[in-house]
1. Are any residues in region 30-45 farther than 16 Å from LEU70 by Cβ and part of a helix (DSSP H, G or I), and if so, which ones?
2. Mind checking whether some residue in region 53-62 is of a type outside the set (A, V, I, L, M, F, W, C), in contact with a helix residue (DSSP H, G or I) (Cβ under 7 Å, 6 or more places away or on another chain) and modelled with pLDDT of 95 or more?
3. Against the conditions (1) assigned to a helix (DSSP H, G or I); (2) modelled with pLDDT of 95 or more, where does LYS84 fall short? Just the number, please.
Amino acid sequence: MPEVSPVGRCKMAKSDFRVVGGESEELPPTPATIALKLKDVFPLLARAQRHHYAWLEDMADDQIIVTADLADILSHFKQLLDEKTA
């Protein structure tokens, strides 16, 4: 049975774990995500694009996560623009 410390936490025996058999697969690191409101981000991105800030171009291939609703609206809007320019 684990020993109880004076502050009420259990002291566990130190265990050494190892993977037995097979090759270990390293998972890619999970990038940190932060939730931001579009109304806060859009003006900054628009200004950066208008003034050709290099950092925006450097990050142009970065992925962003949006809600399904926003992705749907953007997809339809892009189709509308494509139809007008065709």
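1. Scanning region 30-45 gives PRO43, LEU44.
2. No, region 53-62 has no match at all.
3. Failed condition: (2).
The values are calculated or read from the model by the stated rules, or taken from the named source; none is laboratory data. What you see is a predicted model, and the numbers here were worked out from it, not measured in a lab. Backbone-built Cβ (ideal geometry, glycine too); neighbour counts: all protein chains shown.
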